[in-house]
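Everything below concerns the one structure shown next.
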Amino acid sequence: MKILIAPGAFKHSLSAVAAAEAIATGLRRSSLDAELLIFPIADGGNGTVDVFMVGGGQRVSVATVDPLGRPIYADYARIEGGRTAVIEMALASGLELLKPGEMNPLVTTTYGTGLLMQAALNAGAQRIIIGMGGSATVDGGAGCMQALDIHLLDSYGREVERGGGSVGTVHTVDTSRLDPRWRDVEVIIASDVDNPVVGSQGAAAVFGPQKGADPHTVRVLETNLRQFFARVHEQTGVDVRQVRGGGAAGAFAAGLMAFLDGKIQSGIDLVLAYHHFADQLVNADLVITGEGQMDEQTIHGKGPIGVARLARERGIPTVAIVGGLNADDTLLHKAGIQAVLPIVTRPMPLREALRNAPELVERAALRLGYLLALKAE
C-alpha cells in the first residue's frame, strides 16, 4: 500500500509535523506493509510557517509586539530563495499569546503583524503569504497599517489608539508615507472563511465572541468596523465591506485588501500546491488526515477537507484521526472523509488528553494499521 499522511496541528498539543510522525509510528508498529509519505498541512492557522518550511527555507526571528503591545519575538519563514515570506499572524497577534482574562478585542491590535510584514519587505520579499487563523483581534487591520506607516487620524488630527475599540474614531486615512515598495509586492491572504466585514455573518458578530467580546462589545465592534471602512471607502475609493472573506481575522483580511491590494486564496490549497501534493497522490491507496477538533468549521473548507477533496477527485479514500469529533458523520462522508477515528479511548480531562496526545494519536494509528492489514490479507 501507498499511504499519504497529511494531518494538521492538534491545537495546544501537537504540531502538524509531530502529528504526522505519531501516525506514521503507529502504522509501523502494526507491521502494515505500506509505503508511508508524510505531508503535514495547515490552512492559514496554527502551524502554517512550519508546514511551508518542510523541505527547506529560513526561519527569521523578529522583534515585534503581542496583541496588547508587549514586546515579543515572532518568527516568519523565507522560502523560494527569499522571494516569498510566510507570516502566521497568530504568532504576533493571536489568541494563544493571551491569558483568558486578557482577551479583549476592544484593545487588541494587529500592530505586531505589521512589524513582521515590514521586516519581510525589508528583507526583499516580493510575495508575502499571511495566514489568518487564530487571531485575537477585531481591528480591521488598522494596527497593522499603522505599523506600516499609514496614519489613521481622528477629527483633531491625532493618531487613533490601537485596538478595535478605536477604529470607529478614524476621520482621516493618510497613506502618503506608506513605503512605495509595497506596490510591487504580491500580498496573499491565506484563509478559508467567506464571512464579510459587517452584518450578521460579519467579523464582529461571528468571530468577536471567540476573542472575548460580550454582546455589547460585539455591537460596538460592528459599529466601529462600519465607520472605519466607510472612511476608507470615502478616502481611497476602495469598498471592501461586503467582499466575501473580508471578515477573516477580525476583518484583517479587508484591511489588507483595501490598503495593499491583498488577494484571498484558500490556505490549504496554497500549502498543497506548494508541496505538490497532487503529484504524490498518483498510485496512492489511502490518505490519512486529522486535526485536534473536527467540527462544523472543518466541513466549510478547513485543511482536512481540502486534503479529502483533492484525494476524492482521484478516487482515493481519506480517513481522519482526530482529537475530538463534533460534526455530523454523514456530512463529513459527503465532504470526502470516509471515516473518522477519535483518539480518546476513555473518559478523561481535556488536560490529560492534551498531555498524552502523542501516545493517543499513535495508538489510534496502530488500530487503523491493524484494520488495514485485515483488508490487505
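Given the structure, is Val319 within 16 Å of His12 (Cα to Cα), of a type in the set (Val, Ile, Thr) and surrounded by fewer than 21 Cβ atoms within 10 Å (Cβ to Cβ)? So Val319 does not fit the description; no.
Name the residues in the range 200-234 that are open to solvent by less than 20 Å² (accessible area, probe 1.4 Å) and out of contact with any Ser or Thr (no Cβ under 8 Å at 6 or more places or on another chain), would you?
As a first pass, look at the range 200-234 and keep what is open to solvent by less than 20 Å² (accessible area, probe 1.4 Å): 202-204, 208, 211, 213, 217, 221, 224-225, 228-229, 232.
Matches in the range 200-234: Gly202, Ala203, Ala204, Ala213, Thr217, Leu221, Leu225, Phe228, Phe229, Val232.
Considering the range 272-306, and only residues there that are crowded, with 23+ Cβ neighbours inside 10 Å and of a type in the set (S, T, N, Q), the residue that is modelled with the highest pLDDT turns out to be Thr289. Taken over the range 235-250, the residue count meeting the criterion of being buried (at least 23 other Cβ atoms within 10 Å of the Cβ) and among the β-branched types (Val, Ile, Thr) is 1. Within the range 251-271, at least one residue is open to solvent by 10 Å² or more (accessible area, probe 1.4 Å), in contact with a strand residue (DSSP E or B) (Cβ under 8 Å, 6 or more places away or on another chain), closer than 19 Å to Gly55 by Cβ and of a type outside the set (D, E, K, R).
The residue list Gly212, Gly255, Gly292, Gly237 contains one member that is touching a helix residue (DSSP H, G or I) at 6+ places or on another chain (Cβ under 7 Å) and of a type outside the set (A, V, I, L, M), which is Gly255.
Based on what the data block shows, is Arg183 open to solvent by 20 Å² or more (accessible area, probe 1.4 Å), assigned to a loop (DSSP other than H, G, I, E, B), at pLDDT 95 or above and touching an Asp or Glu at 6+ places or on another chain (Cβ under 9 Å)?
Details: open to solvent by 20 Å² or more (accessible area, probe 1.4 Å): yes; assigned to a loop (DSSP other than H, G, I, E, B): no; at pLDDT 95 or above: yes; touching an Asp or Glu at 6+ places or on another chain (Cβ under 9 Å): yes.
So Arg183 does not fit the description; no.
Quick one: in the range 144-168, of everything that is part of a helix (DSSP H, G or I) and free of Cβ contacts under 8 Å to residues at least 40 places away in the same chain, which residue is farthest from Val232 (Cα to Cα)? Top of the filtered list is Ala147.
Filtering the range 96-115 to residues that are modelled with pLDDT of 95 or more and under 16 Å from the mean Cα position of the chain (by Cα) leaves Leu97, Thr110, Thr113.
The values are calculated or read from the model by the stated rules, or taken from the named source; none is laboratory data. Just so it is clear, the structure is predicted and the values come from calculations on it, not from any experiment. Here Cβ is always computed from backbone atoms with ideal geometry, including for glycine, and neighbour counts include all displayed protein chains. Note: areas computed on protein heavy atoms with side chains; ligands, DNA, RNA excluded. Shrake-Rupley method; radii C 1.70, N 1.55, O 1.52, S 1.80 Å.
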